[in-house]
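Below is one structure; the comments refer to it alone.
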Amino acid sequence: MKKTTLILSALLCAAMGFAQQSRTDIKTNPLFSASSYYAYPGPLQQKLTPAPTGYKPFYISHYGRHGSRWLINKNDYLQPVAILQRADSLGKLTALGRDILRRLIMIRDASKNRYGELTQRGGEQHRQIAKRMIQNFPEVFAGRTNIDARSTTVIRCIFSMENALQQLLLINPELQIKQDASNHDMYYMNYDDPVLNKKKMPAKADEAYKAFGKKFLHYDRVMNNLFNDSSYWKHQVKYEQLYRRLFSNAANLQSTELRHTISLYDLFSDQEIYNNWRTENAWWYITYGGSPLNGGTQPFTQRNLLRNIIAQADSCIQLEHPGATLRYGHDTVIMPLTCLLDLDGLGMQVENLEELETRGWYNYRIFPMAANIQFVFYRKNANDKDVIFKVLRNENEATLPIKTDIAPYYHWKDFKDYFLKKLDSYKE
């Protein structure tokens, strides 16, 4: 009994630690609250684990999210300005409201006709990732080796690919690069699954999410700081939508060069910033994670991509110097792929949304702008049948739900056996 009590106490302390960690992270650095808008921070792990004796890297298979971008919906920029300008013309703004309007106009003007496009910072992120990739694994990119690069047809993904490839060529001009961005590959690069899409937010999940949001999202303080007439904003303004768009602008500024001169986070209290993140974290988990609220099957949207990764790797393993397969796509792919692979236990199923943090599920650590997954393959020589590999999640060594005697490395045959069975178990 005493032993059981000690174990339960230890688990409770660990859970409390996870919850406190997210709050501490966001208190220390509000940029974490941006969720999917969080700008790629680079690897947290500074030194990678050496391979077992005699093994050398020979192939990399990669999927990366596009880098930092402008907001996609132009109304995220235009509507807040229009609402505050109208209120200003009626004398309904506070001094802070007028200053926020000034900043929003700057953001609106800078974003004009760039909606959803890669920012300068987004290009820099992919150049740096590519630079570290070739520096960490020079054997993979040596000489006249082949690089097969694919992108979705979206321009920010294409330019992310181009920035990475330019960086690789700067270091090794001999690289033989084949690149493409075609609807031909969209069935695995960004598959739009009609069946699973319809199951994303059933009544049970929708009710749970709305109840969760109602508990944590409160608008009065921010609106009263913007407007000098509470009756006006309550009856003349779509204040919930305005609030969300203001926070989106605050969160995404970090992806632009305007981050050096202005911020919008001062509009929100520390608790409001944290609560905004909590609700976004829950939404992403429900719609793309392993949430049992919708059956826990959303990660299988990436079954085509995982099969492609396996098939391409099996083909490239047959070659003496295969190089790398690089793919550039979206957050709505890399996040469920992370969960499908159950990297670092992130495929977890959590019924109670308030337990997400205590379980360590933080979206800003999973799929920031330029998030990436790299399978790095090793062998002793071209005839070696015991191919091993490790997975880098955002350039940090990650765990998989399979046994290994060489952690953080795994035997490729064990990976294939486990995940092909998992993929076959899903019935469309």
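The values are calculated or read from the model by the stated rules, or taken from the named source; none is laboratory data. Note that the structure is a prediction, hence the values are computed from the model and not measured. Every residue, glycine as well, gets a Cβ built from its backbone with ideal geometry; the counts of neighbours run over all protein chains shown. For accessibility, only protein heavy atoms count, side chains too; no ligands or nucleic acids. Shrake-Rupley method; radii C 1.70, N 1.55, O 1.52, S 1.80 Å.
Remarks
- Qualifying residue in the range 297-310 (condition: more than 25 Å from SER36 (Cβ to Cβ) and crowded, with 18+ Cβ neighbours inside 10 Å): yes
- Residues of the range 323-347 satisfying the condition of being more than 13 Å from the chain's Cα centre (by Cα) and surrounded by fewer than 22 Cβ atoms within 10 Å (Cβ to Cβ): ASP342, LEU343, ASP344, GLY345, GLY347
- Residue match in the range 267-290 (condition: open to solvent by less than 50 Å² (accessible area, probe 1.4 Å), under 27 Å from LEU423 (Cβ atoms) and assigned to a loop (DSSP other than H, G, I, E, B)): yes
- ALA87 closer than 29 Å to ARG327 by Cα, among the hydrophobic types (A, V, I, L, M, F, W, C) and buried (at least 17 other Cβ atoms within 10 Å of the Cβ): no
- Pairs, first among the aliphatic types (A, V, I, L, M) and at pLDDT 95 or above in the range 282-295, second open to solvent by 20 Å² or more (accessible area, probe 1.4 Å) and in a loop (DSSP other than H, G, I, E, B), C-beta under 8 Å, six or more apart: ILE286/LYS200; ILE286/MET201; LEU293/PRO202; LEU293/GLU351
- Of residues in the range 349-376 being more than 22 Å from SER33 (Cβ to Cβ) and open to solvent by 10 Å² or more (accessible area, probe 1.4 Å), the one modelled with the highest pLDDT: GLN349
- Hits in the range 207-239 - residues which are in a loop (DSSP other than H, G, I, E, B) and either open to solvent by less than 30 Å² (accessible area, probe 1.4 Å) or of a type outside the set (Phe, Trp, Tyr) (or both): LEU217, HIS218, ASN228, ASP229, VAL237, LYS238
- Residue check, ASN136 more than 25 Å from VAL391 (Cα to Cα) and not charged (D, E, K, R): no
- Scan the range 163-193 for residues that are part of a helix (DSSP H, G or I), free of Cβ contacts under 8 Å to residues at least 24 places away in the same chain and either under 23 Å from ASN294 (Cβ atoms) or not aliphatic (A, V, I, L, M) (or both) and the total you get is 1.
- Conditions (1) small (Gly, Ala, Ser); (2) assigned to a helix (DSSP H, G or I); (3) within 22 Å of the chain's Cα centre (by Cα); number of the one not met by GLY97: (3)
- Test: residue in the range 58-71 that is among the basic types (Lys, Arg), surrounded by 18 or more Cβ atoms within 10 Å (Cβ to Cβ), within 28 Å of the chain's Cα centre (by Cα) and assigned to a helix (DSSP H, G or I): no
- Any pair with Cβ under 7 angstrom, 6 or more apart, that starts in the range 197-219 at a residue that is closer than 25 Å to TYR239 by Cα and ends at one that is of a type in the set (Phe, Trp, Tyr) and surrounded by 13 or more Cβ atoms within 10 Å (Cβ to Cβ): TYR209/TRP283; TYR219/TYR239; TYR219/TYR243
- Identity of the residue in the range 380-428, in a strand (DSSP E or B) and hydrophobic (A, V, I, L, M, F, W, C), that ends up surrounded by the fewest Cβ atoms within 10 Å (Cβ to Cβ): ILE406
- Any hit, the range 194-206, residues being of a type in the set (D, E, K, R), in a helix (DSSP H, G or I), open to solvent by 30 Å² or more (accessible area, probe 1.4 Å) and within 30 Å of TYR265 (Cα to Cα): yes
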